[in-house]
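One structure is given here, and the rest of the page talks about it.
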Amino acid sequence: MKRIKKMMLKLFPMLGIMILLTGCPGAIEEVTEVMEPLPRPNVAVMVAEGFHDGEAYMPIGYLANQGMDITVIGPETGVVKAYNSDFTISIERAVADVSVDEFDALVLPGGTGPAVLREIPEAVEFAREFFETGRTVAAICHGPQVLVTAGVLDGLTCTAVGGIQDEIEGAGATYVDEALVIDGHLITSRTPPDLAVFSQAIAEAINDTFDPTVPRAIPPQPGM
């Protein structure tokens with residue numbers, strides 16, 4: 001009996017607390033805080049028919065692995081083929097339908113695609129406007145041809161495939177034969193063997209300048 005009394009004496013206070021709590025609506029509340037994910041850098045990769053497969057896919061893969069969003073833009077939506085392989089890539093948005101304010105960096109792969117892009121006024125204007133924002137612009141191989149046509153290389157130092165050295169110097173830039181050249185917010189490299197340092201430099205530049213608190217333009221949704 002004494003043991004039962006001791007057990008009852010221990011249980012009574014606990015039962016009293018439970019009765020009080022269950023009798024008070026809202027006394028026990030489960031608070032669930034939903035954390036909104038911070039925005040991630042959004043990188044535009046501008047291509048056209050005849051892009052170089054590695055010069056597009058290696059930066060895309062590396063930057064995506066670093067937690068960045070990639071948007072492939074070009075003359076019009078659809079699938080285009082590489083000039084040097086059977087690789088294809090899907091252009092997600094037409095350059096005429098995007099805003100420079102949606103992106104944190106612009107990548108221009110080489111191949112024969114830049115020769116196509118430089119003949120498209122909307123592509124050239126997009127490259128010019130994006131360059132003027134001061135955000136990261138990266139071009140490799142023949143990619144700088146778009147920047148030559150955009151008229152933004154005057155006074156800068158950059159590199160590219162050797163075959164367009166005269167074009168670059170004619171645009172007022174200083175050409176150097178190096179794997180990686182960084183002049184302000186412009187990153188340039190020569191050919192596929194330079195892709196590792198090229199991709200790493202793009203990621204580092206974006207991480208150094210990206211501010212997730214700065215609002216970005218929201219792309220229009222289909223049907224809007």
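I'd like the FRET efficiency for residue 83 and residue 38, computed as 1/(1 + (r/R0)^6) with the beta carbon distance as r and R0 of 30 Å, rounded to 0.05.
Working: r = 38 Å, r/R0 = 1.27.
That gives a FRET efficiency of 0.20.
Could you check the spin-label model distance between residue 166 and residue 197? Points 7 Å from the Cα along Cα→Cβ, value in nm.
About 2.7 nm, to one decimal.
Which of 108, 157, 59 sits closest to the plus end of the dipole of segment 42-209, meaning its Cα is farthest towards the positive end, when Lys and Arg get +1 and Asp and Glu get -1 on the C-beta?
The listed residue farthest towards the positive side: 59.
Would you mind ranking 99, 85 by Cβ crowding within 10 Å, fewest neighbours first?
On the way: 99 14, 85 10.
Ordered from fewest to most neighbouring Cβ atoms within 10 Å, 99, 85 come out as 85, 99.
Among the DSSP beta bridges whose two residues both lie in segment 42-209, what percent are antiparallel, rounded to the nearest 5?
Values: 9 of 29 bridges.
The answer is about 30 percent antiparallel.
Mind giving me the nanometre distance, one decimal, between the label points for residue 211 and residue 112, set 7 Å out from Cα along Cα→Cβ?
Here the modelled spin labels are 4.4 nm apart.
Taking neighbour counts of Cβ atoms within 10 Å as a proxy for exposure, in what order, fewest first, do 141, 158 appear?
Details: 141 28, 158 23.
Final ranking by Cβ density, sparse to dense: 158, 141.
By per-residue mean of other Cβ atoms within 10 Å, what is the highest-first order of 185-192, 41-48? Provide the component values of the computation, followed by the final result.
Details: 185-192: 22.9, 41-48: 24.8.
Going by the mean number of other Cβ atoms within 10 Å, highest first, we get 41-48, 185-192.
Taken together, the values in this text are just the output of simple stated rules run on the coordinates, not laboratory data. This structure is a prediction, so every number in the text was calculated from the model and none was measured. Note that each Cβ is placed from the backbone with ideal geometry, even for glycine, and that neighbours are counted across all protein chains shown.
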